[in-house]
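Visitor: I have a structure I would like to understand better, so I am pasting it below and will then ask my questions one at a time.
Any read-out appearing in this document is the output of simple, stated calculations on the displayed coordinates, not a laboratory observation. Because the structure is predicted, anything quoted here is derived from the model rather than measured. With ideal geometry, Cβ positions are generated from the backbone for all residues, glycine too; neighbour counts draw on all protein chains shown.
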Amino acid sequence: MKRLAVRNLRLCTKDCLCLYVCPTGATDTENSIIDTTKCVGCGVCADACPSGAISMVPVQYPPQQKKAEGVVALANALAESKAVQEGMARQLAEGEQAPGLFRLLTAVYRSVRLVNEDLLREAGYMLPQSANSHKLLKSWLETPPSPDFPVEAAKQLLERIPCNETE
Amino acid sequence: MSKWICGICGYVYDEEKEGVPFRALPEDWVCPLCGAGKRLFSPQEGQQPAPPSASGPISLQGEWTELSAGALSAVCSNLARGCEKQYQEQEAALFRELAGFLAAAAPPVPDGSVDRLLELIRQDLSQGYPALTAAAQAEGDRGTQRICVWGEKVTRMLEALLERYRREGEAFLRDTNVWVCSVCGFVYVGDSAPQLCPVCKVPDWKFERVEGRR
């Protein structure tokens, strides 16, 4: 499976072993981001890195796990509840004058969004490459939900991200 | 309103957040991060586009999906994170654009109040999570059980914090900070972020401080 080297700048301690071992010079760049056009995926840099800052990531991902319909239905119901809470907290924060409550409500809507993202990830939207994600984008392309919907974004995503499942 | 970037360390001076236009800063002002002088800053190129459609709620027509605009916004921001983790920055930006549009398209909530918010949170704790956990256990779906474990803890904390605010009012949050774990959503009130997130165990730098209104 084709892989690419990725450097985590938070872990990188500039030991430069990756520069010494890279056969194509992909690791030696002005912005410290490994050049994916040069990387051949050999993994020598990741093995040599003393700070464990380089990992090899796959270019293709396996299909995501199938989810049971009953679980997805309950997860979706909970997701709708979270969406209402997020909207309500956001709206309350916007109109709130008390500085403490403003920050607390802001924290609430951000928190609820994060929880909801996690919930929906497990409810069939883990991978951007999944059939579900593609189905959603295609539906928006075919029937834009409103006249000013950013259809172009959906179109570009479909072009850029390959689907890794057969529907 | 625009952003100015430090040419040495990349610090971002956000005029909107700071409340003072960059050009109005005194000439001896220096970068708060690295001490570089004002002249080493330059305006951010390709300023971020305005969030799509600030013109108010949009009506979404048709039976195009079973999820509402608000939930679909979270689907898209989740997929944006999925792209980020795969180092697909442009794809992430496109999903964020969709998420922003859908968030603006969600209809306003009519009867919003802290009490109503607490009611909904309690409903998740008494019904939503127990039902989903039971179904996930029956299916042996440990991924869903994990988000129930995390999500329920985070939600309990939200309930406790809102209740405490109702008892103590502004005094509860005076002279202290509110933090959000950027991974699981755990909210913490205190001067500095916890060393490890109590819920998902990520380190303190994964916490974001909630800024006050300018």
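Visitor: Return the calculated 222 nm mean residue ellipticity for chain B, to the nearest 500 deg cm²/dmol, obtained by summing -39500 (n - 2.57) across DSSP H runs with n ≥ 4 and dividing by the residue count. Write down the numbers at each step before the final one.
Guide: Details: 6 runs with 86 residues, N = 214.
So the helix-based figure for chain B works out to -13000 deg cm²/dmol.
Visitor: Now, a different point. How well do other chains shield peptide B:183-190, expressed as the mean number of their Cβ atoms within 10 Å of each residue Cβ? Display every interim value, and only then the final one.
Guide: Details: counts 2, 4, 11, 4, 7, 1, 4, 0.
For this peptide, the per-residue mean of nearby foreign Cβ atoms is 4.
Visitor: Here's a follow-up. Starting from the Cα coordinates of segment A:127-167, work out the convex hull volume and express it per residue in Å³. Working shown, then result.
Guide: Working: hull volume 2.5 nm³, N = 41.
Residue-normalised Cα hull volume stands at 61 Å³.
Visitor: What does the extension gain come out to for B:L125 and B:A160, with contour length at 0.36 nm per residue minus their alpha carbon separation? List each step's numbers first, then the result.
Guide: Numbers: separation 35, 0.36 × 35 = 12.60 nm, distance 1.21 nm.
Result for the pair: 11.4 nm of gain on full extension.
Visitor: Which pairs, out of B:K3/B:K38; A:K82/A:K135; A:K38/B:K3, put more than 25 Å between their alpha-carbon atoms?
Guide: Working: B:K3/B:K38 13 Å; A:K82/A:K135 23 Å; A:K38/B:K3 33 Å.
Among B:K3/B:K38; A:K82/A:K135; A:K38/B:K3, the Cα-Cα distance tops 25 Å for A:K38/B:K3.
Visitor: Which residues does a label at A:V21 reach in segment A:40-66, if reach means a backbone N under 18 Å from a point 7 Å past the Cα toward the Cβ?
Guide: Hits in segment A:40-66 for A:V21 at 18 Å: A:40-58.
Visitor: Okay, next question. Using the Kirkwood formula over every pair of different C-alpha atoms, what hydrodynamic radius in Å results for chain A?
Guide: Values: mean 1/r = 0.0506 Å⁻¹.
This gives a value of 19.8 Å.
Visitor: Using a Förster distance of 41 Å, how high is the FRET efficiency between A:K138 and B:R146, based on the Cβ-Cβ distance and rounded to 0.05?
Guide: The computed FRET efficiency comes out at 0.90.
Visitor: How much space per residue, in cubic angstrom, does the convex hull of the C-alpha atoms of segment A:92-167 take up?
Guide: Values: hull volume 9.4 nm³, N = 76.
Enclosed volume per residue, from the Cα hull, is 124 Å³.
Visitor: Something else: Just check segment A:27-105 against the gyration tensor rule for me: Cα atoms, a ≥ b ≥ c as the square roots of the eigenvalues, rounded for a/c under 1.5, and otherwise prolate or oblate depending on whether a/b exceeds b/c. Can you show the working numbers first?
Guide: Working: a/c = 4.00, a/b = 1.69, b/c = 2.37.
It is oblate, given that a/c is not under 1.5 and a/b is not larger than b/c.
Visitor: Counting other C-beta atoms within 10 Å, which of B:S42, B:S77 has the fewest, and how do the rest follow? Provide the component values of the computation, followed by the final result.
Guide: Details: B:S42 11, B:S77 23.
Going from sparsest to densest Cβ surroundings: B:S42, B:S77.
Visitor: If each of B:V12 and A:D47 carries a label point 7 Å out from its Cα toward its Cβ, how far apart are those two points in nm?
Guide: 3.9
Visitor: Find the percent of Cα-Cα distances in the protein assembly as shown that exceed 33 Å, and round it to a whole number.
Guide: Details: 28510 of 72390 pairs.
Of all Cα-Cα distances in the protein assembly as shown, 39 percent exceed 33 Å.
Visitor: How big is the Rg/Rh ratio for segment A:63-125, C-alpha atoms only, Rh by Kirkwood, two decimals?
Guide: Details: Rg = 14.5 Å, Rh = 12.7 Å.
Here Rg/Rh amounts to 1.15.
Visitor: Moving on. Could you put A:D35, B:D175, B:D124 in order, starting from the residue whose Cβ has the fewest other Cβ atoms within 10 Å?
Guide: Values: A:D35 16, B:D175 7, B:D124 23.
Ascending Cβ contact count within 10 Å gives the list B:D175, A:D35, B:D124.
Visitor: Given R₀ = 22 Å, FRET efficiency for B:A171-B:D115 by Cβ-Cβ distance, to 0.05? Before the final figure, lay out the partial values.
Guide: Values: r = 20 Å, r/R0 = 0.90.
According to the calculation, E is roughly 0.65.
Visitor: Hey, can you list the DSSP H helices of chain B whose Cα span along the axis is 30 Å or longer and whose average Kyte-Doolittle score is at least -1.0?
Guide: On the way: long enough: B:142-168 (39 Å, -0.83).
Qualifying helices: B:142-168.
Visitor: Another question about this same structure. What does segment B:175-214 give for Rg and for Dmax, in Å, if only its C-alpha atoms count?
Guide: Looking at segment B:175-214, its Cα Rg and Dmax stand at 9.7, 32 Å.
Visitor: For chain A, take the longest principal axis of its alpha carbons; what is the angle in degrees between that and the long axis of helix A:99-122, to the nearest 10 within 0 to 90?
Guide: With both axes taken from Cα atoms, the answer is about 70 degrees.
Visitor: Provide B:T144, A:T143 in ascending order of the number of other Cβ atoms located within 10 Å of each residue's Cβ, fewest first. Intermediate values should be presented prior to the final figure.
Guide: Details: B:T144 24, A:T143 13.
Fewest-to-most Cβ neighbours within 10 Å comes out as A:T143, B:T144.
Visitor: Summarise the partner chain shielding of A:27-40 as one whole number: the mean count of Cβ atoms from other chains within 10 Å of each residue's Cβ. Mind dumping the intermediate values first?
Guide: Numbers: counts 0, 0, 0, 0, 0, 0, 1, 1, 0, 1, 0, 0, 0, 0.
Mean shielding by partner chains, rounded to a whole number: 0.
Visitor: Okay, next question. Binning at 5 angstrom from zero up to the longest distance, how are the C-alpha pair distances of chain B distributed in percent?
Guide: All Cα pairs, binned at 5 Å, distribute as 1, 6, 8, 11, 15, 18, 16, 11, 7, 4, 2, 1, 0, 0 percent.
Visitor: Residue by residue through B:111-120, how many Cβ atoms from other chains fall within 10 Å of the Cβ on average?
Guide: Rounded to a whole number, the mean comes out at 4.
Visitor: Suppose the chain between B:A138 and B:K201 were pulled fully straight at 0.36 nm per residue; how much longer would it get relative to their current alpha carbon spacing?
Guide: On the way: separation 63, 0.36 × 63 = 22.68 nm, distance 2.70 nm.
20.0 nm is the gain from fully extending B:A138 to B:K201.
Visitor: What Cys residues in chain A have no fellow cysteine's beta-carbon under 4.7 angstrom?
Guide: Cysteines lacking a close Cβ partner in chain A: A:C12, A:C16, A:C22, A:C39, A:C42, A:C49, A:C163.
Visitor: Run the Debye formula on the Cα coordinates of segment B:112-214, all scatterers equal and no solvent, and tell me log10 I(q)/I(0) at q = 0.09, 0.12, 0.15 1/Å.
Guide: -0.27, -0.48, -0.72
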